[in-house]
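Visitor: I have a structure here, written as structure tokens, and I will follow up with some questions on it.
The values are calculated or read from the model by the stated rules, or taken from the named source; none is laboratory data. These numbers were taken from a predicted model, which means no experiment stands behind them. Here the Cβ positions follow ideal geometry from the backbone for every residue, glycine too, while neighbour counts run over all protein chains shown. All accessible areas refer to the heavy atoms of the entire protein, side chains included, with ligands and DNA or RNA removed. Shrake-Rupley method; radii C 1.70, N 1.55, O 1.52, S 1.80 Å.
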2 protein chains.
Amino acid sequence: MNKVVNSLKEAIGLSGLKDGMTISFHHHLRNGDYVVNMVLDAIAEMGIKDIKVASSAFFPVHGHLVQHIRSGVITGLDTNYMAGPLARAVSAGILDKPVTFRSHGGRPRAIHEGSLKIDVAFIGAPSSDAMGNINGMKGPSACGSLGYAIPDAMCARKVIAVTDYLVPYPNSPVSIDQTLVDWVVKVDSIGDPAGIVSGTTRVTRDPIGHIIAGYAAEVIQASGLLKEGISFQTGAGGASLAAAFHLREKMLKGKIKGSFGMGGITGFFVDMLEEGLIEKLIDVQCFDLDAVKSIKNNPDHMEVSASFYANPGVKGCAVDNLDVVVLGATEIDTRFNVNVLTDSNGIIMGGSGGHSDTAAGAKLSIVVANLLRSRLPIVVDEVTTRVTPGNTVDVLVTERGVAVNPRRKELEDRLKDAGLPVMSIEELKAAAEKIAGKPGKVSFTDEVVGMVEYRDGTIIDRVYKPVGSDI
Amino acid sequence: MNKVVNSLKEAIGLSGLKDGMTISFHHHLRNGDYVVNMVLDAIAEMGIKDIKVASSAFFPVHGHLVQHIRSGVITGLDTNYMAGPLARAVSAGILDKPVTFRSHGGRPRAIHEGSLKIDVAFIGAPSSDAMGNINGMKGPSACGSLGYAIPDAMCARKVIAVTDYLVPYPNSPVSIDQTLVDWVVKVDSIGDPAGIVSGTTRVTRDPIGHIIAGYAAEVIQASGLLKEGISFQTGAGGASLAAAFHLREKMLKGKIKGSFGMGGITGFFVDMLEEGLIEKLIDVQCFDLDAVKSIKNNPDHMEVSASFYANPGVKGCAVDNLDVVVLGATEIDTRFNVNVLTDSNGIIMGGSGGHSDTAAGAKLSIVVANLLRSRLPIVVDEVTTRVTPGNTVDVLVTERGVAVNPRRKELEDRLKDAGLPVMSIEELKAAAEKIAGKPGKVSFTDEVVGMVEYRDGTIIDRVYKPVGSDI
């Protein structure tokens, strides 16, 4: 038995893909991904139209899809994160239907419950055998964990593996197995390894970033969670990684060993695993090549599915076992609602990813941010786009001071006792406005370009087209 | 978050188990298993009745269940293999409803398609964390692969992990993950490691067995399949393991490297992996402690689910990639139908396991058997119980000669050309009857005690109660 077909078009033909259907992708190849563009080019050449593309994220490289939207090949998008020309085109209203924005946990919930039905899933496969046993550990385009692709492979009606590294049967380890895969297509290359690695996975050198990160680590210590068995996640951004750096210093000093680090995994977390400061890594996505190497070789570096990571619809996901998460923000409002989706000009430049999932699950969720972002106050009266609800955010840490959600009075007392510069979030807002002035409001049209679905499936906000953003 | 409850009864209570429901178990702890008996004792004490017990196999130790059948706690059984006092009681008609006998591939097909609905699955877990991340590699009752338990965990309405080795979160590797598990119960012991190991996993010392095994290896060679990349499975019985021994000799001599060995895995296969004679092991069940040790430490020793192994309802299972399987038989008839379920006295003493799955999938399926079994001819006019259909069996190898299924004329020619003692199956039958006489027929009542379901879901035979088998 052998599932290898001669071309992408042959596989698409066999899959029965027709106008009006939904296809899906995972984003582990990040800005180095060739698969999404390649598949949509093939679909366009085959004359198929009115396709909804559900990808766990879109990167600048996927600006290529704009042409396929213009020609009617793509009429819908569904994603957890979107940046670059495609995001700008969506903000400008290129699609008739609003994009559905989900979280990394909400997406597998929707897929498993059937509210996001996938007709054909395309799995960018760094290695596969002829039966479709896939992993991301081997091959020229190795990306490590394939966590976000697993729900797609489990639930899509048809599954096509696209690989540039066909290996003898049986391939191992098996991240996605042959029981789920219909066809295997060999292509020249599925991605550019240089682009697979995000540019934001190194600890910041910015001294302000280190002040913020240092406060964040002190907040964790003061909260009482910095003890044997602590678990934590930090984003890949410079400031949140810097928080991990300062947390590590405190763990070393206190001879404290953590149970697990989670999330998108970077070399910094790998180093902590290897030096014995944490027992395990729970990895749904590798952010750099150190992480890719580690997940291949270190059995304590665990590959997990998006459902394991953050799906609120299963019998317990890992974010619920998280002590601390350190997150970023493009805006936070005085009720602690966080925006990571739209920029200060109202244009789409991101999305939840695991932001709202980890904030909901962790015992302590900390947002770190400079008081000013692009010369504008980070704290606003109301966020442009509500991605993470304020009732799941505990602390805002800036270089000027630390604000605690009024829901966490006992935490505020602890931070004060520890000598941290605790202020109200309104005071932080006032301090920022004193420097930068009160920002003007972005003007929006009444055209809805995105619906923000919270992890549990409820719509918690809409994204509007800003005035003057036509393309 | 923590799923650990105080007792088995508490977990059963929380699961909502009620009269008339179906519970399930896996059989990796084999004759050392404590979990099945422990759970049924608890259910009996709780006053729950009319339970169907679906276990991938029952061993002599599960004779303990007979009392729970007598008292009405258990009213139905569903299994792939059954031996010992429970099997004898079933043959004697202890149950009002016939037992459903499936194959190792048919069972996950039935579970995933919903024809075998499981209300509560009990997973004997050699190690688990408090969230239900389970593997069989660690702990005092380590049994290696948990392949047969995976479909149960995926599809049961409620899943209870029963463990004697609770480890810190997160446990790894993860064979069954927390997204599937509802509760975790810690007990003193889930099994006796001495009983986990089957007594039949060593190569036979019987010279007749080696003659048969030698012929089997020659059949494989003559078939043309003994070449680079060969894949094979042999049962754990002495004669089929001896076939692996003779195959190994030929592989060494011909400098041939195999792609994978599959099945229930023994130390003999582990040795072949470690000496580089095969690239991978595909393991759905460890038959001895060497296999348990290997699956824990060797990344080329792959744990796979029952669906991956043999489920005909998925998008391709591993038996379809198998070159050669060497199988046993209690009877084979002149149309090559095989019985591995009932003994010569008509009493239940086994079941398909993977017999009919591998016979259907492999390019070459060989049955090895002594010409006489318990002084009775192995070849009969019609098998007492048809488990593996004759159209999936290619060759019968005995010490007296080799019979090829008439459907495989080209294979018969090859074996003749190679100088093997090819005879018709009728000639083998006659040769046996010349020694032992024509056996008398077992007399059966018209009471049906078992239904034999083929891997695709069709009923291919019924098992009747033998006359005089009352208990």
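Visitor: When you look at residue A:215, is it of a type in the set (Ser, Thr, Tyr), within 22 Å of residue B:320 (Cα to Cα) and touching a strand residue (DSSP E or B) at 6+ places or on another chain (Cβ under 9 Å), yes or no?
Guide: No, not satisfied.
Visitor: Hey, could you check the range A:308-355 for residues that are open to solvent by 10 Å² or more (accessible area, probe 1.4 Å) and within 14 Å of chain B (Cβ to nearest Cβ) and say which is nearest to residue B:161 (Cα to Cα)?
Guide: Going through the qualifying residues, I end up with A:315.
Visitor: I've got another one for you. Regarding residue A:115, is this residue in the same structural domain as residue A:65 (by TED's automatic domain parsing) and more than 21 Å from the chain's Cα centre (by Cα)?
Guide: no
Visitor: If you take just the strands (runs of 3 or more DSSP E) that sit entirely in the range B:210-316, which of them hold at least 3 residues that are aliphatic (A, V, I, L, M)?
Guide: B:278-286
Visitor: Here is a further query. Within the range A:378-387, does at least one residue satisfy the condition of being without any contact (Cβ under 8 Å) to a residue 60 or more places away in the chain, open to solvent by less than 40 Å² (accessible area, probe 1.4 Å) and under 17 Å from the mean Cα position of the chain (by Cα)?
Guide: no
Visitor: From the list A:209, A:235, which one is in contact with a strand residue (DSSP E or B) (Cβ under 8 Å, 6 or more places away or on another chain), away from chain B (no Cβ under 14 Å), on the phi < 0 side of the Ramachandran plot and open to solvent by less than 30 Å² (accessible area, probe 1.4 Å)?
Guide: The conditions single out A:235.
Visitor: I'd like to verify a number: residues in the range A:242-295 that are basic (Lys, Arg) and either within 17 Å of the chain's Cα centre (by Cα) or within 14 Å of chain B (Cβ to nearest Cβ) (or both), how many?
Guide: 2
Visitor: Residues being at pLDDT 95 or above, open to solvent by 50 Å² or more (accessible area, probe 1.4 Å) and of a type in the set (Asp, Glu): count how many of those fall in the range B:435-471.
Guide: Residues that pass the stated criteria total 3.
Yes/no per residue for (1) within 14 Å of another protein chain (Cβ to nearest Cβ); (2) not charged (D, E, K, R):
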site: B:88; (1), (2): no, no
site: B:114; (1), (2): no, yes
site: B:124; (1), (2): no, yes
site: B:131; (1), (2): yes, yes
site: B:137; (1), (2): yes, yes
site: B:165; (1), (2): no, yes
site: B:172; (1), (2): yes, yes
site: B:176; (1), (2): yes, yes
site: B:182; (1), (2): yes, no
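Visitor: While we're here: Spot the failing condition for residue B:392; the list is (1) open to solvent by 10 Å² or more (accessible area, probe 1.4 Å); (2) closer than 25 Å to residue B:227 by Cβ; (3) within 14 Å of another protein chain (Cβ to nearest Cβ), and only one is missed.
Guide: Tallying (1) open to solvent by 10 Å² or more (accessible area, probe 1.4 Å); (2) closer than 25 Å to residue B:227 by Cβ; (3) within 14 Å of another protein chain (Cβ to nearest Cβ), residue B:392 fails exactly one: (3).
Visitor: Let me ask you something else. Quick check: anything in the range A:250-257 in contact with a helix residue (DSSP H, G or I) (Cβ under 6 Å, 6 or more places away or on another chain) and in contact (Cβ under 8 Å) with a residue 40 or more places away in the chain?
Guide: no
Visitor: Kindly list, by first and then second residue, each pair from a residue in the range A:101-122 that is aliphatic (A, V, I, L, M) to a residue that is at pLDDT below 95, limited to pairs with Cβ atoms under 6 Å and residues at least 6 apart or on different chains.
Guide: The qualifying pairs do not exist here.
Visitor: Let me ask another. If I filter the range B:244-264 down to residues being open to solvent by less than 10 Å² (accessible area, probe 1.4 Å) and modelled with pLDDT of 95 or more, which single residue comes out as farthest from residue B:283 (Cα to Cα)?
Guide: B:251
Visitor: Condition test on residue B:203, is it in the same structural domain as residue B:35 (by TED's automatic domain parsing) and either in contact with a Leu (Cβ under 9 Å, 6 or more places away or on another chain) or crowded, with 21+ Cβ neighbours inside 10 Å (or both)?
Guide: no
Visitor: Do we have residue B:404 as under 25 Å from residue B:83 (Cα atoms), buried (at least 23 other Cβ atoms within 10 Å of the Cβ) and touching a helix residue (DSSP H, G or I) at 6+ places or on another chain (Cβ under 6 Å) here?
Guide: In short, no.
Visitor: I need the strands (runs of 3 or more DSSP E) fully contained in the range B:21-84, keeping only those with at least 2 residues that are of a type in the set (Asp, Glu) and surrounded by 19 or more Cβ atoms within 10 Å (Cβ to Cβ).
Guide: In the range B:21-84, there are no strands (runs of 3 or more DSSP E) which contain 2 or more residues that are of a type in the set (Asp, Glu) and surrounded by 19 or more Cβ atoms within 10 Å (Cβ to Cβ).
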